[in-house]
Amino acid sequence: MSAIMQGAADRSAMPRHASAPMLGLVAAVLLAAMLAGLSMGSSPMPLERLLPALIGQGSATDMLILWTLRAPRVLLAGVAGASLGLAGLVLQRATRNALAAPSVLGVTDGAALGAVAFLFLFTDPANMLTVSIYWQPVATALGAAFFAMLVALLAGRGNVGPVSLILYGFALGALARAGVTLFIVAGPVYRASQAAIWLAGSVHEARWSDVAATGLVLSICLPAVVLMARRMDQLLLDDNSAMATGVAVRRSQFMLMGLSVVLTAGAVSFVGAIGFVGLVAPHAARLLLGLRALPLIAGSAMLGALAVIAADIVVRYGFAPLEVPTGAATALLGAPYFLFILFRARQNHA
Amino acid sequence: MKALTAVLIAILVLLAAASLHLGVRFTPPAEVWRALTAGGGDQTALIVNTLRLPRAMIAMIVGAALAIAGVLMQTVTRNPLAEPGLLGVNAGAAFAAVLVVTLTGEEALAPLMAAACAGALLTAAVVYGVALTGGGRAAPLHLLLAGIVVAALLASLTQILLVSNERTMEELLFWLSGSFADRNPLFVLPAAGLVLAIGVGCLAAAPQLDILSADETTASALGLSVVRMRFAAIVGAALLSGFSVALAGPVPFVGLAAPHLVRRLGVRGHARLLPLAAIAGAALAMAADIVSRFIIYPSQAPVGAVMAMLGVPVLLMLLHRRAAGVGL
């Protein structure tokens, strides 16, 4: 409790970044994107039909399209995007590495491995699950946690540079992907192509139960991340200085990694391995909002949501009637951005 | 060194023999021999001659090609972690091949190979170019990271192409994870000839490659046109990667593991490194192919997945040694 109050005192002492207007702007853009996501589709719904349908007074068809197809899809994209954006921010602070993200460090691949392993192990010969599907997120989280732990173990020994850390993450991710491939080929996991689309990340066929489950994970983790905001600021310092400000460095890093794993698993369980959102959202947030953790938390979550909703609109609209995975669109956006950060960081070093 | 060569060749021959005998059903040596020498139309002869033999040959060709490509890339970039898979060159070749299949429905070897080679060349140019724009010479790990991300980008582009064509999707998905099985036996001879030609060319240039792996000033002082040599080596590596992708899909880590293995055995100098790495690569690919038949028996695993499981520990070890300051 005292830590929180101290944090409040510190914050009032720090020069106030003009983050409130910027956050308001981001929120407005996010809202606009959500409305666009709701109104666009194979049968477009202009605002004058969308708004009545939203408050329950549209035509029966509009209500059906809106409430059973589009609303869960847009909300799932938003909630999963927000989770991934937050997971990325938290991971970047925990590892003090600007290039870190769940998909970059192999955590997302680990989560996917957990998910397919679950389907493989608990499917009987008649293609029926022998346990409730609600256990799948648990398996996903276990997979993510296992690979996060491996990365932490490998990188924890000796002093590993930021780029080496990423390469360790990539190597472990490759291992997890190989495992995923084996499970898909070996297992009775539906049809391989369906699994491939899910693995690439997709929000089509979103259901309300998915939204609720992902939303539950996010609503548990978000307050925890907010409570960690002050420590996230302190972790920007090097180990000794951070300890001098009274933060338990290793324990905070561990807790942040844990939060990142849970957030990633919550998203990956229901939308698959959508990549690069956890990398790009915190970066964009930092460009707009500065370094302080509290506005960054709000910004990363909103920008993550915005990224996935926008990517979903792009794949729905740009490639219709194909069902291009949402993850392909985020990778097209995220990969060049990663290269940009990589080489800007390098020039600053030189 | 002669002993080492003999041992590697012996291992390769043993693996090739095993590859002909092992499968969903074990074939006794006598029957394999009869099928190979007498041919015939019975089931065993068909399995051995039209399925297992081409498969073993393709594994050998692809393994050797990727190993040589790995050596060339490692020499050019002076980075022992460079290889066609990690630098995204395989992904570029695969993207181009899928593009051609999707647009034209063409599945003959020549257009597929041409497309894969073009894709590999372009990607190699892009990755190397991107890495160089970072200012000055490309730092080893940055080059690798650039390659990995370019590979991710190309993989998602490939995915977009894949969903656009349901008909070929399932088949291409398996091919994209790398596989030596069920390839057209007619591909074997031309591919072997091309790989052999480039391999011999590299061997002829072994002294220059040795100089290239020293630092730049030494190389130019010794009268070597560094830029031209480097360009030739990259082109050679990209072509080899293109051939192997057209044959078997992107198979990762052979180009990393085989040269590394041979170097650990104390082999230095390209005149020996190139042929021995090629043999080791062929053996490695064949071993991975045999494992892929049993790891999820009775299903066949994509060899790419098996190779990743063999190759990732090598990559981790190399990274670890680097972090521990052992150098590369």
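Mind jotting down a quarter of the surface of the convex hull over the alpha carbons of segment A:218-274, in square nanometres, one decimal? Numbers along the way, then the final one.
Details: hull surface 17.2 nm².
Average projection, Cα convex hull of segment A:218-274: 4.3 nm².
Extension gain for the segment A:SER132 to A:LEU322, taken as residue separation times 0.36 nm less the Cα-Cα distance, is 65.3 nm to one decimal. The modelled label-to-label distance for the pair B:LEU203/A:PHE122, using points 7 Å beyond Cα in the direction of Cβ, is 5.7 nm. For A:LEU235, no residue 5 or more places off, or on another chain, has a built amide H under 5 Å of its own.
One-quarter of the Cα convex hull surface for segment A:20-349, in nm²?
Numbers: hull surface 70.9 nm².
One quarter of the hull surface, i.e. the mean projection, equals 17.7 nm².
Extension gain, B:ASP42 to B:ASP215: 0.36 nm times the residue separation minus the Cα-Cα distance gives 56.4 nm.
Can you put A:TYR337, A:TYR168 in order of Cβ neighbours within 10 angstrom, beginning with the fewest?
In increasing order of surrounding Cβ atoms, one gets A:TYR337, A:TYR168.
As a ratio to 2.2 N^0.38 Å, the alpha-carbon radius of gyration for segment B:48-187 is 1.12. As a proxy for reagent exposure, ranking A:THR326, A:THR61 by other Cβ atoms within 10 Å from fewest up yields A:THR61, A:THR326. When each full DSSP H helix of chain B is screened for a Cα extent of at least 18 Å along its own axis and an average Kyte-Doolittle hydropathy of at least 1.6, the helices passing are B:2-21, B:53-77, B:89-104, B:109-133, B:140-163, B:188-204, B:226-248. Normalised by residue number, the volume inside the convex hull of the Cα atoms of segment A:225-318 is 100 Å³ per residue. Computed over chain B with a Gaussian network model linking Cα atoms closer than 10 Å, the most mobile of B:SER213, B:SER292, B:SER225 is B:SER225.
Take the alpha-carbon positions of the protein assembly as shown, form their convex hull, and give its projected area averaged over all directions (one quarter of the hull surface) in nm². Walk me through the numbers on the way to the answer.
Working: hull surface 133.0 nm².
The directionally averaged projection comes out at 33.3 nm².
Under the membrane-span-like helix rule (DSSP H runs whose alpha carbons stretch at least 20 Å along the helix axis, mean Kyte-Doolittle hydropathy 1.0 or higher), chain A yields A:19-39, A:71-95, A:107-121, A:136-156, A:162-186, A:208-227, A:249-271, A:293-318. Select from B:MET307, B:MET229, B:MET317 the residue whose mean-square fluctuation is largest in a Gaussian network model of chain B (Cα-Cα springs shorter than 10 Å). Per the Cα network of chain B with a 10 Å cutoff, B:MET317 tops the list. Taking other Cβ atoms within 10 Å as a rough exposure proxy, A:MET243, A:MET255 sort from fewest to most as A:MET243, A:MET255.
Residues with beta-carbon under 15 Å from that of A:SER300, excluding A:SER300: net charge, scoring Lys, Arg +1 and Asp, Glu -1? Please report the intermediate quantities before stating the final value.
Values: positive: A:ARG93, A:ARG286, A:ARG292; negative: A:ASP233.
Combined, the nearby Lys, Arg, Asp and Glu give +2.
Basic side chains Lys and Arg get +1 at the Cβ, acidic Asp and Glu get -1 at the Cβ, and with that the dipole of segment A:20-349 about its Cα centre reaches some 680 debye. Dividing the summed -39500 (n - 2.57) terms of all DSSP H runs of n ≥ 4 by the residue count of chain B sets its mean residue ellipticity at 222 nm at -25000 deg cm²/dmol. Highest mobility in the GNM of chain B, judged by mean-square fluctuation with C-alpha springs under 10 Å and restricted to B:PHE180, B:PHE26, B:PHE294, is found for B:PHE26.
Taking trypsin sites (Lys or Arg not before Pro) in DSSP loop states with no more than 14 other Cβ atoms inside 10 Å as exposed sites, chain B has its longest site-free stretch at B:138-267.
For chain B, the calculated P(r), taken from all Cα-Cα distances in 10 Å bins from zero up to the bin holding the longest distance, is 6, 27, 35, 22, 8, 2, 0 percent.
When Rg and the Kirkwood radius Rh are both evaluated on Cα atoms of segment B:1-106, their ratio Rg/Rh stands at 1.11.
Determine the sum of side-chain charges near B:PHE180: Lys and Arg each +1, Asp and Glu each -1, restricted to other residues whose C-beta is under 12 angstrom from that of B:PHE180.
Once all neighbours under 12 Å are counted, the net charge is +2.
Of the two radii for segment B:251-328, the radius of gyration is 1.05 times the Kirkwood radius, both from the alpha carbons; that is the Rg over Rh value.
If r is the Cβ-Cβ distance from B:ASN184 to A:PHE340 and R0 is 56 Å, what FRET efficiency results, to the nearest 0.05? Can you show the working numbers first?
Values: r = 42 Å, r/R0 = 0.75.
With a Förster radius of 56 Å, E is 0.85.
Look at the stretch B:295-305: the mean tally of other chain Cβ atoms within 10 Å of its residues' Cβ atoms is 4.
Based on C-alpha pairs under 8 angstrom that are at least 6 apart in sequence, segment B:198-328 has a relative contact order of 23 percent.
What is the Cα centroid distance between segment A:29-57 and segment B:246-262, reported in whole angstrom? Answer, in whole Å: 51. For B:ILE296, the residues whose modelled amide H falls within less than 5 Å of its own, excluding neighbours fewer than 5 places apart on the same chain, are B:ALA301. Peptide A:324-334 has a mean of 4 when you count, residue by residue, the C-beta atoms of other protein chains within 10 Å of its C-beta.
The value of relative contact order for segment B:2-323, using C-alpha pairs under 8 Å at least six residues apart, is 31 percent. Compute the signed sum of charges (Lys and Arg +1, Asp and Glu -1) over the other residues within less than 15 Å, Cβ to Cβ, of B:MET286. Summing Lys and Arg as +1 and Asp and Glu as -1 gives +3. Here the 3J(HN,Hα) profile of segment A:239-248, calculated from phi with Karplus coefficients 6.51, -1.76 and 1.60 at θ = phi - 60°, is 3, 5, 5, 4, 5, 5, 7, x, 10, 7 Hz, Gly and Pro shown as x.
Bear in mind these aren't lab numbers, they're just calculated from the coordinates by the rules spelled out. Keep in mind that what you see is a predicted model, and the values were worked out from it rather than measured. Positions of Cβ are backbone-derived with ideal geometry, glycine not excepted, and every protein chain shown enters the neighbour counts.
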